[in-house]
1. What is the local net charge at Gly168, summed over the other residues whose Cβ is closer than 14 Å to its Cβ (Lys, Arg +1; Asp, Glu -1)?
2. Using r as the Cβ-Cβ distance of Ala437 and Val116, and R0 as 25 Å, what FRET efficiency do you calculate, to the nearest 0.05?
3. Among 258-264, 268-274, how do they line up by average Cβ neighbours within 10 Å per residue, starting with the highest?
4. Hey, can you grab everything whose amide H is under 5 Å from the amide H of Gly77? Only 5+ residues off in sequence or another chain; H modelled, so Pro and N-termini drop out.
5. Taking the Cβ-Cβ separation of Gln199 and Met1 as r and a Förster radius of 51 Å, what is the calculated FRET efficiency to the nearest 0.05?
6. Rounded to the nearest 10 degrees, what's the angle between the helix 49-60 long axis and the longest principal axis of the chain, both from Cα atoms, 0 to 90?
7. Pop the C-beta distance of Val448 and Arg134 into the FRET formula with R0 = 51 Å and round what comes out to the nearest 0.05.
8. Can you send over the carbon and sulfur percentage of the accessible area for the chain, probe radius 1.4 Å, protein chains only?
Amino acid sequence: MQRLRVRPATRPLRGGVPLPSDKSISHRSLILAALASGRSKLSGFSYGEDNVSTLEIFRALGIGIDDDGAGVVEIDGAGLDGLRAPCKPLDCGNSGTTMRLMCGVLAAQSFRSRLVGDGSLTRRPMGRVVGPLRDRGARITGEPHPTKPSDLTAPLVVGPLVEGRRLGPLEYAMPISSAQVKSALLLSGLFASGPTVVQEPLVSRDHTERMLSALGMQLTAVGGTVSLHPPADPGAIGPFAIDLPGDLSAAAFPLVAAAIVPDSVVTTRRTGLNPTRSGILDVLRAFGANPHVEPHGESLGEPHGEVTVRSAAVRGTAVAGELAVRSIDEIPIAAVLAARASGRTEFSDVAELRVKESDRIALMAGVLRAFGVEVDERPDGFVVHGHPTGSLRAARIASGGDHRIAMCAAVLGLVADGETIIDGADCIATSFPRFAATLAALGADLEVE
Ligand code: S3P
């Protein structure tokens, strides 16, 4: 098990850093390239373990993939009718996105697949995706959820469809905003006999919609309603090239580090700027740490650019509603900013954090308290009482297997009064394999053991 040691910053963080490829866009690029007819090219792929799980699953489904090991992945897509029955269980590892999106694809196949995952994934709620897929005729079974009797969890057995049958049309109002559920339903809709109409209370990240539109699918999105008409021809998705943008969710760690370490200036290069994902930039603004954003262009409908943050005297704020949906994965690192802000910060409408890779409300509250920061926990959020002056108390933290919790503890360690140790830091490779090297390149003093 890896251990990360972080020493307090004795100098400012300075410089420009590259990012791992956007995890959400990388998953979708792999999936759509496999379903395209012909050879697609993904550049800038960064081998986070979650994305590698999706890549290996397509190999197991008979898709030819050439990977140069340096970020260029070429995929011989087999069209909408070209996947082959796997001879082994499909391992999603720690990746909820892999499991839920693949459910949508595999529910439409004439063969049976078994989707498995690690201990965390085997406790995550899957009923939210299984229910509406069953409504359109999918055959999926799962295990009873260990704590929520009305829910299901992994392993899941998906398919086969009854011989000669297709998935039916679907109109579904999602009770919670979730890009994973929405995307699973849209992907299953590519194979269906009629339209898919999905509605969500607030618009979650729209990468799937942007990519499907850019690839010529008949899709409309108005407010929280997305409609997709299935293509008539299994070869309808043409091959494509995408230069993957960097992950704003990963950028948030060095950017928040810059905000709290005095005299720092940090730029993240080629950063994904999709507005349904960029809530953290508005959260930084609300704290008074004004990010400077320089847009550079788009790849397959996804905007990107450079983001620069300078250290600032941050003040407490409130994060709720639409802003919380647009920054859901960044709430833990926003809580780190709150720990250094003057006054209190209230995070509400974030009950979903309790069913991520860990219960992120409980774990973050524990981490912040270990560093001497006062936190009030609520069922759907938490309040952080900022500690803006003087150092925090150095802590020894167990990651709980959650990559974002481990990285938050590392950033807190930069403003602590001694060495911080994070046990179980291996999980950082889930999304940001070069995290420690990236902070070190900016001038932080940390090492992996
Ligand atoms: C993701 C959607 C979000 C997010 C996750 C990635 C995606 O999950 O938290 O890290 O790529 O679709 P939900 O759809 O459960 O909100």
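1. Within the 14 Å Cβ shell, the charges total +3.
2. It comes out at approximately 0.20.
3. Top to bottom by mean Cβ count within 10 Å: 268-274, 258-264.
4. Correct list: Gly38, Arg39, Ser40.
5. Working from the Cβ atoms, E equals 0.70.
6. 20
7. Calculated transfer efficiency: 0.70.
8. 50
The values are calculated or read from the model by the stated rules, or taken from the named source; none is laboratory data. Quantities reported herein were computed from a predicted structural model and do not represent experimental measurements. Neighbour counts run over all protein chains shown; Cβ positions are idealised from the backbone, glycine included. Accessible surface areas use protein heavy atoms only, side chains included; no ligands, DNA or RNA. Shrake-Rupley method; radii C 1.70, N 1.55, O 1.52, S 1.80 Å.
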